[in-house]
Amino acid sequence: MNESGAQAVESEKPPPEFMSALVTEHFVLQSTSSSTISESGSRVSIYLSALSSGLVAIGFASGSHRALESLAFTVLPTVLMLGWFTIVRLIDVTVANIVSQRRMDRISAYYASLASIAAPYFGADDSETGNQGVRYGRWSFLYTMASMVIVVNSVVGGATIALVFALAVRAVTPVPVVAGIVGGVALLGLGLRYEHHRVTPEVLRRQESP
């Protein structure tokens, strides 16, 4: 009886090859998660540097109407497009980070099931305090790096629209301001909607995963 019980316990133990592969996978996921954060910071820095340099150049050219038009209609659309490329990639790495964290949570849950003493070290966090003291939910996408760039890029887009109406169309004073505000708000809504569509399902899926 004892021998059969010991054999059953022995058969439940994972093979060393599996544990080695699992630890390697855990390490790879940690590296992936860290690399997404590093890439996000680098891309945001590149975008903000390009934006600040362009604004400085436009400021120097503000004394000449022709130079202002040339620079404004060259630099701002370029920065605007760079911003959208940055936003899409930031959302991609955010999703990759969430997926990596979810898979690491699954591995940690398996570690917690190996022995009764392992649960306090690898078990899931308290539902009241959230994961590592932070609770993620449906509106967590508003506080990401992508959302920050969406806001800034929407302002750039609104300013570009306002300059088009002011310098190219030569509309009367209220029209460029109103057009810029409406355009900026529309770009902000589109950007946040796209991020919400991509990020929120992954956040909620991670909250539901065991």
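Where a number appears in this text, it was derived from the coordinates with a stated rule and is not lab data. This structure is a prediction, so every number in the text was calculated from the model and none was measured. Because the Cβ atoms are built from the backbone with ideal geometry, glycine has one as well, and the counts that use them run over all protein chains shown.
Of note:
- Across all directions, the shadow cast by the convex hull of region 14-208 built on its C-alpha atoms averages 13.6 square nanometres.
- Gaussian network model of the chain, Cα within-10 Å springs - most flexible of A21, A96, A112: A21
- Of the Cα atoms belonging to region 38-148, the radius of gyration and Dmax stand at 22.1, 75 Å.
- Its relative contact order, with pairs defined as Cα atoms under 8 Å and 6+ residues apart, puts the chain at 23 percent.
- Against the main long axis of the alpha-carbon atoms of the chain, helix 65-114 sits at an angle near 10°.
- Cβ-derived FRET efficiency at R0 35 Å, S64 paired with R198, nearest 0.05: 0.25
- Against the main long axis of the alpha-carbon atoms of the chain, helix 2-12 sits at an angle near 20°.
- Residues whose placed amide H lies under 5 Å from that of Y136, excluding near-sequence neighbours: N131
- Spatially, region 65-81 and region 86-120 are offset by 44 Å when compared through their Cα centroids.
- Mean ellipticity per residue at 222 nm, deg cm²/dmol - from DSSP H runs of n ≥ 4 across the chain, formula -39500 (n - 2.57): -28000 deg cm²/dmol
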